[in-house]
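Written below as structure tokens is the structure these notes are about.
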Amino acid sequence: MLANNLTLCLEDRCVIFSPEPLVKNRGGETVSVLALLDPRVFALYPEELRRSLKLEEPVQTAVPLVSALRARPVDWVVVLYHGPLEEAERLAALVPGIDLIVVGHEQRLVPPLNGTLLVSPGEEGNRVGMLTLRKDARGRTRSTHQFRLLRFEDPRDPLTLARLERYRRKLREALKEGNAAAGR
């Protein structure tokens with residue numbers, strides 16, 4: 001999954017990286033994940049590349065996707081968001097039904113907003129840990145977390161490396177063929 005609001009157009013073809021959110025059943029619960037990019041994250045990229053990238057506004061993309069996910073229904077809606085904290089807060093305020101936003105452009109602690117938990121992995125992932133979510137008797141999201149300091153010497157996870165290689169292979173194929181499902 002790259003971003004549900006990103007399309008890359010090269011010459012005669014466009015690649016929609018992640019048209020649909022990821023939905024997985026884990027531990028008896030249905031978890032959905034969608035990824036969104038704020039258009040400003042590309043502000044310092046070369047103009048030629050920026051012309052090739054088409055980004056729908058995150059709120060515009062999220063509203064119908066989250067609504068459709070909740071109608072399925074799913075137990076959890078998680079948004080991976082790369083952009084400023086203020087825009088992640090705006091997303092939480094304007095898009096009902098999001099349980100968790102992982103903010104990937106911030107290096108500060110973030111308080112919950114409008115029933116949505118906002119978390120950040122910190123600068124270069126230096127605040128990574130284990131986040132456990134549950135619903136209380138009234139359906140409100142509750143969480144606990146455990147910090148895990150990652151070190152350069154830590155062993156690499158072979159499953160993660162294999163997943164990354166599969167993604168790279170699919171991306172190369174999609175760019176070559178103009179396949180609309182590159183992010184899967």
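Meeting the requirement of 2 or more residues that are free of Cβ contacts under 8 Å to residues at least 60 places away in the same chain and under 24 Å from residue 168 (Cβ atoms), the strands (runs of 3 or more DSSP E) wholly within the range 1-66 are 6-10, 22-26, 29-37, 53-55.
Considering the range 63-73, and only residues there that are among the aliphatic types (A, V, I, L, M) and farther than 16 Å from residue 117 by Cβ, the residue that is surrounded by the fewest Cβ atoms within 10 Å (Cβ to Cβ) turns out to be 71.
Inclusion of residue 51 among residues that are within 22 Å of residue 131 (Cβ to Cβ), out of contact with any strand residue (DSSP E or B) (no Cβ under 7 Å at 6 or more places or on another chain), surrounded by fewer than 13 Cβ atoms within 10 Å (Cβ to Cβ) and not hydroxyl-bearing (Ser, Thr, Tyr) is not warranted. Quick check on the range 119-136. Is at least one of its residues in contact with a strand residue (DSSP E or B) (Cβ under 9 Å, 6 or more places away or on another chain), modelled with pLDDT of 75 or more and under 17 Å from residue 37 (Cα atoms)? There is at least one residue in the range 119-136 that is in contact with a strand residue (DSSP E or B) (Cβ under 9 Å, 6 or more places away or on another chain), modelled with pLDDT of 75 or more and under 17 Å from residue 37 (Cα atoms).
In this structure, does residue 164 turn out to be closer than 27 Å to residue 74 by Cα, under 18 Å from the mean Cα position of the chain (by Cα) and at pLDDT 75 or above? Walk me through how you get there before you give the answer.
Working: closer than 27 Å to residue 74 by Cα: yes; under 18 Å from the mean Cα position of the chain (by Cα): yes; at pLDDT 75 or above: yes.
Yes, satisfied.
The values are calculated or read from the model by the stated rules, or taken from the named source; none is laboratory data. The structure presented is a predicted model; accordingly, all values stated were derived computationally and were not measured. Counting neighbours? That spans all protein chains shown, and the Cβs are built from the backbone with ideal geometry, glycine included.
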